[in-house]
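To keep things clear, I will list the structure first and then write my remarks on it.
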Amino acid sequence: MRTRLLSLAALLLSCLPVLSQPAQSRPLPNGGEFSAGDSMLRVTALRDDVLRVRMWRRGHAPEDASWAVLPEARTAQVNVTPTTGGFETATLEVTVDDKLRLAVTDRAGHLLQQDIEPVQWQGDRFRIYKRKWPNEHFFGLGDKPGPLDRAGQAFTMWNTDNFGWQESTDPIYKSIPFFISFTSGTALGVLFDNTWRSFFDFGREMPDAYSFGAPNGPIDYYLIYGPDPKKVIETYAWLTGPTPLPPLWSLGFQQSRYTYEPESRLTEVADRLRADHIPADALYLDIDFQQKNRPFTVDQIKFPNFSSMVSELARKQFHLVVITDLHIAKVPNEGYAPYDSGTAGDHFVKNPDGSTYVGPVWPGPSVFPEFTQKATREWWGGLYKEFASQKVAGFWNDMNEPAVFTYPTKTMPDDVQHRIDEPGFQKRTATHLEIHNIYGLENSRATYEGLLKLQPNQRPFVLTRASYAGGQRYAATWTGDNSSTWNHLRQTVPQLLNLGLSGFSLSGADVGGFAGSPSPDLLTRWLQLAAFQPIDRDHAAKGTRDHEPWVDGPQHETIRRRYIEERYRLLPYLYTAAEETSHDGMPIMRPLFLEFPHATTDGHPMDLDAGGGEYMFGANLLIAPSPSPEEVAPYELHLPSGIWYDYWTGEKLDRRTKTAARDLEIRDAAAATKPIMITPKLEELPVYVREGSILPLAPLTQSTEEKPQGPLTLRVYPGEHCNGSIYQDDGTSFAYRNGHSLRMSFTCEQQSNGQVRVHIGAHEGDYRPWWHEIRVEVNDGTTPAKTRTIEDAGRGMDVALQ
């Protein structure tokens, strides 16, 4: 029985006099209002499992608007049943005491969350304190550095350009004020929708409490009940929107540098990738391709044939991504169209005296778009017209915290004025203190929506450095200016896992590390791991040694090529996972506890046993790098209970015992099977497949533009609940919304005579795939695997293998 689960009766007794009498209350059809002194607390049910909590003082509610939460979710409601001191939904019970302290239980009386003291106010500043259980774990908050579990740590939400950040650095680039509390297998999500500089403490100040607050702005937060963590993720996607289906090419290998210049250098890299048969889909241009670092320009000396170069790269099946920073050079009377048109339209941020704010960035003195105005976002989107007409495939929104070259703030002054003119918001002026954390979000929104307007039937690819909750609706992201160190390779996994739990399913880290020069072994290890992450972009800073896969000779290049090739074989599996996340927000890269919330006997997340280094890639592949990748000593593999298969060899591993308590001696004494130890080898990254998986794989190609030659392979791993699926479409357009797609489902059954029967479902949708045959490959631990190739007529069939 979970230690935190108390019956409601026990809760009421334990909290006396906290719940000695109810607050003055007014029932609402979807919740209730509770008052004490000059404070008002409103708790409403958006759904039976989602509560919205708002609090204000002095008689008037703050503006009811959000940059993060979708309007249809924020205004949703269900009817509730009033109770003494609160109300109940079909799932949750809410109680508020005379000091406006909130307690939430499930309908079985299990305590989910409880205020341990009234909200603490100091002028406009406030702090909310919640009870923290000793066995409570916290995940989320985006790409904050540090361990996967946030327990015992404290964080600040303030988007910051923090070059060369380290594991203890905070804040960095993004502010995603969403976290998941996980206790004994039960999950509760919390979104604190306040855009000011907010603070989170998960037991650093007081070990029995966690807290969050801000110096200003609204008390406005959402409670999302699981109890399963997957349900929390799905509901968070309902609340803030899922990641849209990306273009297929963005899931291929991406090669970048600050900067490939001149034009001949970029084409040289493209040609070398093709000559060495290293699959790749994207090349990037950083700021040096621009004239004097001015966004939306091209240096005609370094890139004299830019348009024809883009076409030639496309002929070689490369997609070009260019950087478009948001700072616009202040150069009047020089014919610089973004500055001239922006000035004419009054699209730039203002000082308190009404003059245009000017700050130094890469182009020198620069002005900044007012993305809180719908008209400005439309103007910004129109700036992409020429690049779009030249078939530039993707756009990179960097420096959008916003970064300004003034120290120590590294951003705009607090008193800069932003004019909000946005549907759903009051038309008003706000200081930078309120807008700072959503500035990057609205920058990427302006880019995404502008590209949609210019090319309505082409999926945009936008990569952003800064963002806020809900930013996944508009852009993929990465972890910013990391470093070429073993520790930063280790840090990549918890950062990307927490980004995925925070809504950003499409994310990556600069492979090899941006700042510094990786050793050959470090670069090889990083390229291996990145092959099993959502965004696979090799990127490096100016002045560092080359990071391309071939730079360290044939031995390293062979290993690196092998893993990039495996990513391309797995693209049907990866693209199917990306399509899933576009519906339900389920991240592509997942912590173990998301798939196996009850994997341990005492309910702790088993990720902690693995040091936060193991993870799931999609629902079926477990990636198990060393928790200390620079070490050569053997390390322990942690597999959830069940049958697993080695992805590379097909070896069957029977691990049908639950992980016990975290005391290793107790665990090992009780275990029916001994721990598995892995000796690291440079050429190997351990990957395992859970039983019951059916993985769709494709023949190797050099890019996603190349049509695979050969059958679709279904690699079957028999076991309980054996199933799989594949999703396909044209990879670029929105035709899938009108049914122009393909979906197939697969199941398998292991029969008593040893035969495995695989059911291949009929084609759903009218998209015609690249394959005409299906190769069924059954991996059941025997050698060699059983195989059979059949014609795929699209009608569905059963295939038996003995």
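General observations
- Checked against (1) over 22 Å from the mean Cα position of the chain (by Cα); (2) farther than 23 Å from residue 233 by Cβ; (3) outside any loop (DSSP other than H, G, I, E, B), residue 210 passes all but a single condition, namely (2).
- Condition check for residue 581: surrounded by fewer than 24 Cβ atoms within 10 Å (Cβ to Cβ) and of a type in the set (Val, Ile, Thr): no
- Within region 309-422, strands (runs of 3 or more DSSP E) holding 2 or more residues that are assigned by TED's automatic domain parsing to the domain that holds residue 298, buried (at least 21 other Cβ atoms within 10 Å of the Cβ) and under 27 Å from the mean Cα position of the chain (by Cα): 319-323, 394-397
- Residue in region 489-500 that is touching a Pro at 6+ places or on another chain (Cβ under 8 Å), outside the structural domain of residue 164 (by TED's automatic domain parsing), touching a residue at least 60 places away in the same chain (Cβ under 8 Å) and not in a helix (DSSP H, G or I) present: no
- Scanning region 486-513 for residues that are in contact with a His (Cβ under 9 Å, 6 or more places away or on another chain) and farther than 12 Å from residue 143 by Cα turns up 510, 511, 512, 513.
- Screening residue 249 with (1) assigned to a loop (DSSP other than H, G, I, E, B); (2) touching a residue at least 40 places away in the same chain (Cβ under 8 Å) gives one miss only, at (1).
- Condition met for residue 625 (in a loop (DSSP other than H, G, I, E, B), buried (at least 22 other Cβ atoms within 10 Å of the Cβ) and assigned by TED's automatic domain parsing to the domain that holds residue 518): no
- Test: residue in region 550-566 that is in contact with a strand residue (DSSP E or B) (Cβ under 9 Å, 6 or more places away or on another chain), in a helix (DSSP H, G or I) and touching a residue at least 60 places away in the same chain (Cβ under 8 Å): yes
- Residues of region 764-781 satisfying the condition of being under 17 Å from residue 723 (Cβ atoms), outside any strand (DSSP E or B) and of a type outside the set (D, E, K, R): 779
- Residue 503 being part of a loop (DSSP other than H, G, I, E, B), in the same structural domain as residue 281 (by TED's automatic domain parsing) and over 17 Å from the mean Cα position of the chain (by Cα): no
- Scanning region 604-616 for residues that are surrounded by fewer than 21 Cβ atoms within 10 Å (Cβ to Cβ) and closer than 28 Å to residue 718 by Cα turns up just one, 609.
- Within region 179-198, if we keep just the residues that are aromatic (Phe, Trp, Tyr) and closer than 14 Å to residue 142 by Cα, the residue that is surrounded by the fewest Cβ atoms within 10 Å (Cβ to Cβ) turns out to be 192.
- Residue list for region 449-473, restricted to those being surrounded by fewer than 24 Cβ atoms within 10 Å (Cβ to Cβ) and aromatic (Phe, Trp, Tyr): 461
- Selected residue (only one of 58, 74, 52 is surrounded by fewer than 21 Cβ atoms within 10 Å (Cβ to Cβ) and under 16 Å from residue 28 (Cβ atoms)): 74
- Residues that are within 18 Å of residue 229 (Cβ to Cβ) and assigned to a loop (DSSP other than H, G, I, E, B), drawn from region 178-207: 184, 185, 202
- Residue match in region 253-262 (condition: part of a loop (DSSP other than H, G, I, E, B) and closer than 30 Å to residue 469 by Cβ): yes
- Only one of the listed residues (795, 768) is surrounded by fewer than 17 Cβ atoms within 10 Å (Cβ to Cβ), of a type outside the set (Ser, Thr, Tyr) and under 16 Å from residue 698 (Cα atoms). That residue is 768.
- Of the residues examined, residue 106 is one that is in contact (Cβ under 8 Å) with a residue 40 or more places away in the chain, over 27 Å from residue 414 (Cα atoms), among the acidic types (Asp, Glu) and surrounded by fewer than 22 Cβ atoms within 10 Å (Cβ to Cβ).
- Residues of region 567-579 satisfying the condition of being touching a residue at least 60 places away in the same chain (Cβ under 8 Å) and either of a type in the set (D, E, K, R) or not in a loop (DSSP other than H, G, I, E, B) (or both): 567, 568, 569, 571, 572, 573, 574, 575, 576, 578, 579
- Residue match in region 166-173 (condition: of a type outside the set (Asp, Glu), assigned to a helix (DSSP H, G or I), surrounded by fewer than 24 Cβ atoms within 10 Å (Cβ to Cβ) and under 18 Å from the mean Cα position of the chain (by Cα)): no
- Tally, over region 301-318, of residues that are among the hydroxyl-bearing types (Ser, Thr, Tyr) and closer than 16 Å to residue 289 by Cα: 2
- Restricting attention to region 733-754, the residues that are farther than 30 Å from residue 641 by Cβ and either exposed (fewer than 15 other Cβ atoms within 10 Å of the Cβ) or modelled with pLDDT under 95 (or both) add up to 4.
The values are calculated or read from the model by the stated rules, or taken from the named source; none is laboratory data. Computed from a predicted structure; not experimentally measured. Using ideal geometry, Cβ is built from the backbone for each residue, glycine included, and neighbour counts are taken over all protein chains shown.
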